[in-house]
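Undergrad: One structure coming up, written as structure tokens, with questions to follow.
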Amino acid sequence: MAEQGDERRFGEFVAVRRHEYVAELALDRPKAMNAVSTDMARSIAAACEALAADRDVRVVVLTSTHERAFCVGADLKERNSFTDADLVRQRPVARAAYTGVLELPMPTVAAVHGFALGGGFELALSCDLIVADRTAVVGLPEVSVGVIPGGGGTQLLPRRVGAARAAELIFSARRLEAAEARELGLVDELVAEGEDRAEALALGARIAANSPVGLRAAKRALRLGQGLDLRAGLEVEDAAWRSVAFSGDRAEGVAAFNEKRAPRWPGE
């Protein structure tokens, strides 16, 4: 990890930049179109660990420095040199990168342009929201190279688009261009070419204006409630409500509303 002005580096291939309460986690391996090598996976996991512990970060936006790709997935050139033992050793390292993004406690937004394939699209799916520009091409082509989506794709995609649609997309290994991806719900917002990062950061700033305590509790309720029956889900929601009801943020939010001023969130 290295500090460079407003940019904090995690290894060679990952940078974190702060925009007030929004942290930008930038994938920065342009020579390989952000293919996720073992070293890059370690860096993503380390960056996520640091962000998760930072109480000043209210939103994380996942971006790419490459002009034509968000991330093309696992580094298959590296994988081609692996023995079976190498692959076994790499598996927990790779998983830690995807779960690092997935388990960030604050809201997360992916800014996607160009190719977001395989593990690259799984990194985006690990975020709460996906903003894509019109150059985006997304898909989970893993079965075409003899594996399966192993970064959360078989679990995250059906939660977005339903079981049958996810099965069709995973079994066919097909790529979707931006308009179809938006139509089917694989991405949430479609913007003009080259505007994905700016729009995602703007969305992040709008979200970050709200209570950090409320945001984390709302995300926890949304995530933990998925797949539960309604009664169990409402219990999850009640537990999340109780965690914020007596917080400093709740007191400040009510006071600011009544005093007709912008809240000054204590974040606790």
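Undergrad: Please list the radius of gyration and Dmax for the range 166-216, considering alpha-carbon atoms only, with Å as the unit.
TA: According to the Cα coordinates of the range 166-216, Rg and Dmax are 15.1, 42 Å.
Undergrad: So what's Rg/Rh here for the range 1-92, counting alpha carbon atoms and using the Kirkwood radius for Rh? Write out the running numbers ahead of the final one.
TA: On the way: Rg = 14.1 Å, Rh = 14.0 Å.
Here Rg/Rh amounts to 1.01.
Undergrad: Which order do the peptides 215-224, 114-123 take when ranked by the mean count of other beta-carbon atoms within 10 Å per residue, highest first? Write out the running numbers ahead of the final one.
TA: Details: 215-224: 17.6, 114-123: 27.8.
Sorting 215-224, 114-123 by mean packing, highest first, produces 114-123, 215-224.
Undergrad: Just want to confirm a number: the relative contact order over the chain, from Cα pairs under 8 angstrom separated by 6+ residues, in percent.
TA: Values: 513 pairs, mean separation 40.7, N = 268.
After rounding, I find 15 percent.
Undergrad: While we're looking at this one, here's another question. Considering only protein heavy atoms and a 1.4 Å probe, what is the carbon-and-sulfur percentage of the accessible area of the chain?
TA: On the way: 7310 of 13640 Å².
Roughly 54 percent of what the probe reaches on the chain is carbon or sulfur.
Undergrad: What's the extension gain from Arg165 to Glu7 if we count 0.36 nm per residue and subtract their Cα-Cα distance? Intermediate values should be presented prior to the final figure.
TA: Values: separation 158, 0.36 × 158 = 56.88 nm, distance 3.96 nm.
In short, 52.9 nm is gained.
Undergrad: So what's the net charge close to Leu176: Lys and Arg +1, Asp and Glu -1, counting the other residues with Cβ under 12 Å from its Cβ? Write down the numbers at each step before the final one.
TA: Values: positive: Arg165, Arg174, Arg175, Arg182; negative: Glu168, Glu177, Glu180, Glu183.
Taking every Cβ under 12 Å from that of Leu176, the sum is 0.
Undergrad: Calculated from DSSP H runs of 4 or more alone, at -39500 (n - 2.57) each and per residue, what is the 222 nm mean residue ellipticity of the chain, nearest 500?
TA: Working: 11 runs with 127 residues, N = 268.
Helix-only estimate at 222 nm: -14500 deg cm²/dmol.
Undergrad: While we're looking at this one, here's another question. Starting from 0.36 nm per residue, how many nanometres of slack lie between Lys260 and Asn80 once their C-alpha separation is accounted for? Before the final figure, lay out the partial values.
TA: Numbers: separation 180, 0.36 × 180 = 64.80 nm, distance 6.11 nm.
Going from the current span to full extension adds 58.7 nm.
Undergrad: Just the Cα atoms of the range 116-179: what Rg and Dmax do they give in Å?
TA: Looking at the range 116-179, its Cα Rg and Dmax stand at 10.8, 30 Å.
Undergrad: Calculate log10 I(q)/I(0) of the chain for q = 0.07, 0.09, 0.15 Å⁻¹, where I(q) comes from the Debye formula with a single equal point scatterer on each Cα and nothing for solvent.
TA: -0.25, -0.42, -1.12
Undergrad: So with the 1.4 Å probe, I'd like the accessible area per residue for the chain, rounded to whole Å².
TA: Per-residue accessible area for the chain comes out at 51 Å².
Undergrad: While we're on this one: Give the peptides 190-197, 105-112 in descending order of average Cβ contacts within 10 Å, highest first. Intermediate values should be presented prior to the final figure.
TA: Values: 190-197: 17.6, 105-112: 26.4.
Packing order, densest peptide first, comes out as 105-112, 190-197.
Undergrad: Could you tell me the extents of the range 189-268's C-alpha atoms along the three principal axes, largest first, rounded to whole Å?
TA: Principal extents (Cα only, largest first): 43, 39, 18 Å.
Undergrad: Determine the principal axes of the Cα atoms in the range 87-203, then give the extent along each, sorted from largest to smallest and rounded to whole angstroms.
TA: 40, 31, 22
Undergrad: What span do the alpha-carbon atoms of the range 40-114 cover on each of the three principal axes, reported in whole Å from largest to smallest?
TA: That gives 42, 29, 14 Å along the principal axes, largest extent first.
Undergrad: Of all the C-alpha pairs in the range 124-268, what % are more than 24 Å from each other?
TA: Details: 5186 of 10440 pairs.
Pairs farther apart than 24 Å: 50 percent.
Undergrad: Using DSSP, restrict attention to beta bridges with both residues in the range 1-105 and report what percent are antiparallel, rounded to the nearest 5.
TA: Values: 13 of 20 bridges.
So the antiparallel bridges amount to about 65 percent of the total.
Undergrad: Oh, and also: Within 12 Å, Cβ to Cβ, of Arg264, how many net charges do the neighbouring residues add up to if Lys/Arg are +1 and Asp/Glu are -1?
TA: Details: positive: Arg261; negative: Asp249, Glu252, Glu259.
Result for the local shell: -2.
Undergrad: Can I ask one more? Quick one: Debye curve from the alpha-carbon atoms of the range 81-134 only, equal weights, vacuum; give me log10 I(q)/I(0) at q = 0.20, 0.26 Å⁻¹ to two decimals.
TA: -0.76, -0.98
Undergrad: Note down the net charge around Ala192, summing +1 for each Lys or Arg and -1 for each Asp or Glu among other residues with Cβ under 10 Å from its Cβ.
TA: -4
Undergrad: Suppose R0 equals 25 Å. What FRET efficiency, 1/(1 + (r/R0)^6) with r the Cβ-Cβ distance, do Leu184 and Glu67 give to the nearest 0.05? Intermediate results must be reported in sequence, preceding the final value.
TA: Numbers: r = 26 Å, r/R0 = 1.03.
Efficiency for this residue pair is about 0.45.
Undergrad: Please list Trp265, Trp241 from largest to smallest accessible area, probe radius 1.4 Å, with all protein chains kept in place.
TA: Details: Trp265 50, Trp241 140 Å².
Largest to smallest exposure gives the sequence Trp241, Trp265.
Undergrad: Toward the positive end of the charge dipole of the chain, about the Cα centre and with charges on Cβ (Lys, Arg +1; Asp, Glu -1), which of Asn258, Ala26, Val137 goes farthest?
TA: Asn258
Undergrad: Compute, for the chain, the length of the dipole vector about the Cα centre, with Cβ point charges of +1 (Lys, Arg) and -1 (Asp, Glu) only. Units Debye, rounded to 20.
TA: Numbers: 34 positive and 39 negative charges, 68 e Å.
About 320 debye.
Undergrad: Antiparallel as a % of all DSSP beta bridges within the chain, to the nearest 5?
TA: Values: 15 of 37 bridges.
So the antiparallel bridges amount to about 40 percent of the total.
The values are calculated or read from the model by the stated rules, or taken from the named source; none is laboratory data. Because the structure is a prediction, the values reported are computed rather than measured. Cβ coordinates were reconstructed from backbone atoms using ideal geometry, including for glycine residues, and neighbour counts include every protein chain displayed. When the accessible area is computed, the model is the full protein with side chains, heavy atoms only, and any ligands, DNA or RNA have been set aside. Shrake-Rupley method; radii C 1.70, N 1.55, O 1.52, S 1.80 Å.
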